[in-house]
Amino acid sequence: PDLIREQARQAPASTAVCDGRHQLGYAELDTRATQVAWWLAASGVAAETPVLLAAERGTEMLVGMLGTFRSGGVAVLADPGHPAFRLQRIIDRSRPAAVLTLARLGLPLDYHGVPVLELDAHWVVVRAQPTGDLGRPPHPDQLAYLVHTSGSTGEPKRVGVPHRSLAHTVRTHQDGHRIT
């Protein structure tokens, strides 16, 4: 999250993400992610609290993931293209404190009564959140996200990735591909 915030300071209007439907500059990405982080914090998300992120790859997913990082939460990535029974198993095992998803997906899942924010439909809710720093920078060894592999048994297995590894991967891609 700090790398994005720094880029937002250096080049606020530069394109941060474009998915064919939406385009966000770094400042707008930073602001939206911070507002999602405030909503998550108000929903009970704290350090290393699981947050289910069931969204297609795109601007909303990036905003949700970055917002989760800013809140201190752990993004539990769930591919909405997977069968509902697999997604439900991931929800049941991870017991998220909040869910970030997309209304347009219409996922028939039981979120067990936790707060749900549909990133494509609830922007009025998000825009009502503060834009100031939440003051929860993640520790480098804190988990950033969890992915679920199929494993040899077909049962989803969790693999956690800490912020330190995520930052290292980003820097490696920047250096290796000369991304500016």
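The values are calculated or read from the model by the stated rules, or taken from the named source; none is laboratory data. Computed from a prediction, not measured in an experiment: that's the story for all the values here. Using ideal geometry, Cβ is built from the backbone for each residue, glycine included, and neighbour counts are taken over all protein chains shown. Only protein heavy atoms, including side chains, enter the accessible area calculation; ligands, DNA and RNA are left aside. Shrake-Rupley method; radii C 1.70, N 1.55, O 1.52, S 1.80 Å.
Here's how it looks for Ala144: its modeled amide H is under 5 Å from those of Val161, His163, which are all 5 or more places away or on a different chain.
The alpha-carbon atoms of the chain, seen along their principal axes, cover 45, 38, 32 angstrom, with the largest extent given first. Pair-distance distribution P(r) for region 83-175, from all Cα-Cα distances in 5 Å bins starting at 0: 2, 10, 14, 17, 19, 19, 14, 4, 1, 0 percent. Pull out the extension gain between His82 and Thr169, defined as 0.36 nm times the separation in residues minus the alpha carbon to alpha carbon distance; nm, one decimal. Residue separation times 0.36 nm, minus the Cα-Cα distance, leaves 28.7 nm. DSSP bridge analysis restricted to the chain gives an antiparallel fraction near 40%, rounded to the nearest 5.
Compared with the dominant Cα axis of the chain, that is its longest principal axis, helix 84-94 is turned about 70°.
Using C-alpha pairs under 8 Å with a sequence gap of at least 6, the mean separation divided by the residue count of the chain gives a relative contact order of 20 percent. FRET efficiency for the Asp141 to Leu3 pair, using the beta carbon distance and R₀ = 25 Å, is estimated at 0.90.
Protein heavy-atom accessible surface, 1.4 Å probe, per residue over the chain: 51 Å². Dividing the radius of gyration of the alpha carbons in region 1-98 by their Kirkwood radius gives 1.01 for Rg/Rh.
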